[in-house]
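Q: Quick one: this structure, given as structure tokens, is what I'll be asking you about.
Readers should treat all values here as calculations from the given coordinates under stated rules, not as data from a laboratory. Please read these numbers as outputs of a predicted model, since none were measured by experiment. Cβ atoms come from the backbone with ideal geometry, glycine included; neighbour counts cover every protein chain shown.
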Amino acid sequence: MLKRTKIIATLGPSTDKPGILKQMISAGVDLVRINLSHDIKERHQARVEATRACAKELGRAVGIIIDLQGPKIRISTFEKGFIELAVGDNFIIDTDLKPGAGNQRQVGIDYKPLPQEVKPGDVLLLDDGLIVFSVEKVEANQVHCVVKEGGRLSDHKGINRRGGGLSAESLTKKDREDIEFAAKMKVDYVAISFPRTAEDMEAAKTLLKKAGSQSGVIAKIERAEAIEHLDEIIQSSDAVMVARGDLGVEIDYAELPGIQKKIIARARSLDKAVITATQMMETMVHNALPTRAEVSDVANAVLDGTDAVMLSAETATGNFPDKTVEVMNEICLAAERQRITQVSHHRLECQFNRVDETIAMSAMYAANHGNTRAIVALTETGSTVLWMSRIRSGLPIYGLSPHERARGRMTLYRGVYPIDFDPTQYPKDKVVFKALQALGQLGAVQEGDRVVMTKGDNLSVGMTNTMTIMNVALEK
């Protein structure tokens, strides 16, 4: 059984060890994430190159995502590196306080507009919500707070306001520079951190285009405001990510599971890919097995229809990066054996304006209701297989394309397996046979299998307009 849900692994020091990246890809990694919040560009470039080398050696298409840091709002630094706070302590966040001057009573912050954007009664959450402040009053550049949840607070911890509303721009100066780096690396996707509206995504796309990049854009849903503009953000993106870390801080954590399901459902209904991320198997940073709760978390995301599940610290800095991928792969396969993952009523009542979209939907209906082995799509851009992948199915969708960019995009789509195939290398009447022969050599189909194939009459233009149901003949 082929795994349909894609696994994204974040690269870092743990994956730099000899042989580990190759083992991870062999174990089930479909895309890698390069997190620009950490490390230097030289190391990131080396990881991109190592990924492409391993993928080529293994004969796999492995997508590459560059994740921009975004406007992470952080406190400054303490004299001793950290303090211990108790419930009921008074504490001041002072925009005028210099780095290193933080103490038991106060600390500086790199976000200067904070005093103008908070008011008495607001709740501030630090260190991913582990430390909680209530704002008592604002005087000039000082925000006076009372500690509601205490603990150790150390240098550079992030700060959010419950309910959102802090107005830091989505694209920082660093992000704009990193977009140039992403364009240079020719990655498949660029993830945009903390977008609030579709305008933030459009701005990122404009900068990428100006830099000469054809990368897809992923909107990381991690601000409370993004939920209010969810549909427009999804429609302006190529994919969205349920970034549960900051999102779970800004909204009530009890609301997060429902919001996650909503984002997955809306992305699929709007024909966009969706990633579920953050702390999916967090205990495997240090342990060789996940908790039962983590197993259920991954499985439920798969059952809900997510295209991909993502590993962060588990692979970037964890003790068992390859083992974590193996376990996640097993969980995905087990969840995909459930009947619910193979039954779809997606867009049954819709009318389609585009010919290629009509063919894609028709092919999936025919395949799902016939004795079919696989769906085969000859595609220039990958659009046809994206539409196909929105339909729940137990059948593999093979996306055959001569374009590396299209194959890279397809690595994210649920149930889609990119294959390097150039139909223009063969006479028109031989293309179908050669495509099936290529799949036969990979073991994807066998003699006599029934398949549904889609393609365009003009194979180099990119408009799918034909569907054929056939039995595989590998020899002539």
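Q: Could I have the simple spin-label model distance between residue 180 and residue 156, label points 7 Å from Cα toward Cβ, reported in nm to one decimal?
A: Going from the residue 180 label point to the residue 156 one covers 2.3 nm.
Q: Still on this structure, I have one more. What shape does the range 82-161 take by its C-alpha gyration tensor, where a ≥ b ≥ c are the square roots of the eigenvalues and a/c under 1.5 counts as rounded, a/b above b/c as prolate, and the rest as oblate? Before the final figure, lay out each step's value.
A: Working: a/c = 1.43, a/b = 1.10, b/c = 1.30.
Rounded, since a/c falls under 1.5.
Q: Can you classify the range 355-471 as rounded, prolate or oblate using the Cα gyration tensor, where a ≥ b ≥ c are the square roots of its eigenvalues, rounded means a/c under 1.5, and otherwise it's prolate if a/b beats b/c and oblate if not?
A: Rounded is the answer for the range 355-471, as its axis ratio a/c remains below 1.5.
Q: Out of residues 5 or more away from residue 398 or on other chains, whose amide H comes under 5 Å of its own, with H placed 1.01 Å from N in the peptide plane?
A: The answer is 375, 376, 377, 417.
Q: Just to be sure I follow the definition: excluding the sites themselves, where is the longest run in the chain that has none of the GluC sites (Glu not before Pro) in a DSSP loop with at most 12 other Cβ atoms within 10 Å?
A: Excluding the exposed sites themselves, the longest stretch runs over 80-348.
Q: Could you size up the charge dipole of the range 82-161 around its Cα centre, putting +1 on the beta carbon of Lys and Arg and -1 on that of Asp and Glu, and report it in debye to the nearest 20?
A: Working: 9 positive and 13 negative charges, 15 e Å.
Charge dipole of the range 82-161: 80 debye, to the nearest 20.
Q: Just want the answer: with Cβ charges of +1 for Lys and Arg and -1 for Asp and Glu, which residue in 362, 394, 424 is farthest toward the dipole's positive end in the range 355-471?
A: The one lying farthest along the dipole's positive direction is 394.
Q: With +1 assigned to the C-beta of every Lys and Arg and -1 to the C-beta of every Asp and Glu, and no other charges, what is the dipole magnitude of the chain about the Cα centre in debye, to the nearest 20?
A: Numbers: 61 positive and 63 negative charges, 241 e Å.
Here the chain has a charge dipole of around 1160 debye.
Q: Considering only Cα-Cα distances, which of the following residue pairs are longer than 30 Å: 205/434; 3/72; 3/455?
A: Working: 205/434 37 Å; 3/72 35 Å; 3/455 25 Å.
The answer is 205/434; 3/72.
Q: Once Lys and Arg get +1 and Asp and Glu get -1 on their Cβ, which of 410, 182, 69 lies farthest toward the positive end of the dipole of the chain?
A: 410
Q: Just flag the trypsin sites (Lys or Arg not before Pro) in the range 8-71 sitting in loop per DSSP whose Cβ has no more than 15 other Cβ atoms within 10 Å.
A: Working: sites: 22, 33, 41, 43, 47, 52, 56, 60; in loops: 60.
Those that pass, being in a loop and sparsely packed, are 60.
Q: Ok, one more. Once amide H atoms are placed 1.01 Å from N in the peptide plane, what residues at a sequence separation of 5 or more from residue 450, or on another chain, have their amide H within under 5 Å of its amide H?
A: 373, 472
Q: Taking only pairs that are 8 or more places apart or on different chains, how many Lys pairs in the range 82-161 have Cα atoms under 16 angstrom apart? It would help to have the intermediate numbers written out before the result.
A: Working: 98/112; 98/157; 112/157; 119/137; 137/148.
Lysine pair count for the range 82-161: 5.
Q: Quick check for you: which residues of the range 359-402 have the amide N under 17 Å from the point 7 Å beyond the Cα of residue 471 toward its beta carbon?
A: 370-374
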